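Asker: Structure in structure tokens, see below.
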Amino acid sequence: MDILLNKQHELRSGWKFLAYWILFIVILFAVSLAIPIQAPITQLERLILNTIPTIPAVAALVLMARFVDRAPVARFGATLHEKWPHDLTVGLAVAGGMLAILTLINGAFGGIRMAWTASDASSRSLMVTPIVFTTVGTQPS
């Protein structure tokens with residue numbers, strides 16, 4: 001019994017999973033070196049920093065699908081199908097509903113405190129804020 005390969009002489013699933021994460025970390029390190037932002041100051045810099053993990057996640061998926069699994073990326077669910085607008089709408093509605101429920105629960109128990117702190121922020125920085133929140137919410141886990 002081989003601990004690395006199965007009967008079809010393919011890498012076992014656990015090793016594929018480990019290889020994906022090692023590849024992800026290597027690409028993340030390379031991308032982090034290529035984008036030299038130390039401490040984000042503006043919302044645009046925060047958006048860039050929150051987008052960085054997306055690049056190695058997609059790159060590792062494509063490389064693993066192509067060279068290890070020898071399968072199209074669509075087999076792993078990364079494709080636009082006929083009903084993707086419906087799926088997007090439902091996903092956004094569920095996310096909005098969860099946010100509303102969380103806000104109501106916090107409000108019921110006295111956990112909401114809001115203060116306007118953006119008086120010194122530029123309008124461009126304020127416009128980027130929803131994009132930052134959306135990007136953070138859609139990051140791969």
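Asker: Helix hunt in the chain: which complete DSSP H runs extend at least 18 Å axially by C-alpha with mean Kyte-Doolittle at least 1.6?
Answerer: Flagged H segments are 13-34.
Asker: Follow-up question, since we're still on this one. With n ≥ 4 as the cut-off for DSSP H runs, can you work out [θ] at 222 nm for the chain, using -39500 (n - 2.57) per run divided by the number of residues, rounded to the nearest 500?
Answerer: -19000 deg cm²/dmol
Asker: Considering Cα pairs under 8 angstrom that are at least six residues apart, work out the relative contact order of region 1-86 and quote it in whole percent.
Answerer: 25
Asker: Please sort by residue number the trypsin sites (Lys or Arg not before Pro) in region 23-121 whose DSSP state is loop and whose Cβ has at most 15 other Cβ atoms within 10 Å.
Answerer: For trypsin sites (Lys or Arg not before Pro) across region 23-121 that sit outside H, G, I, E and B with at most 15 neighbouring Cβ atoms in 10 Å, the list reads Arg70, Lys83, Arg113.
Asker: When the chain is treated as a GNM, springs tying every alpha-carbon pair under 10 Å, which of Leu80, Leu44, Leu28 comes out with the largest mean-square fluctuation?
Answerer: Ranking Leu80, Leu44, Leu28 by mean-square fluctuation puts Leu80 first.
Asker: Continuing with the same structure: How far apart, in nm, are two points set 7 Å out from the Cα along the Cα-to-Cβ line at Phe29 and at Thr129?
Answerer: Taking the two extended label points, one gets 3.8 nm.
Asker: Once the piece of chain linking Thr79 and Asn106 is laid out straight, how much longer is it, given 0.36 nm per residue of separation minus the C-alpha distance between them?
Answerer: Full-extension gain reported as 6.0 nm.
Asker: Run the numbers for Trp15 and Ile48: contour at 0.36 nm per residue of separation, minus the present Cα-Cα distance, in nm.
Answerer: 8.7 nm
Asker: I'd like to know which of Ser13, Ile52, Ile35 lies farthest towards the positive end of the charge dipole of the chain, counting +1 on Cβ of Lys and Arg and -1 on Cβ of Asp and Glu.
Answerer: Ser13
Asker: Further question: Taking the beta-carbon count within 10 Å as an exposure proxy, list Ser32, Ser13 from fewest neighbours to most.
Answerer: Ser13, Ser32
No lab work stands behind these numbers, since they all come straight from the coordinates. This one's a predicted model, so the numbers in the text were calculated from it and none came from an experiment. Don't worry about glycine lacking a Cβ; one is built from the backbone with ideal geometry, like all the others, and counts go over all protein chains shown.
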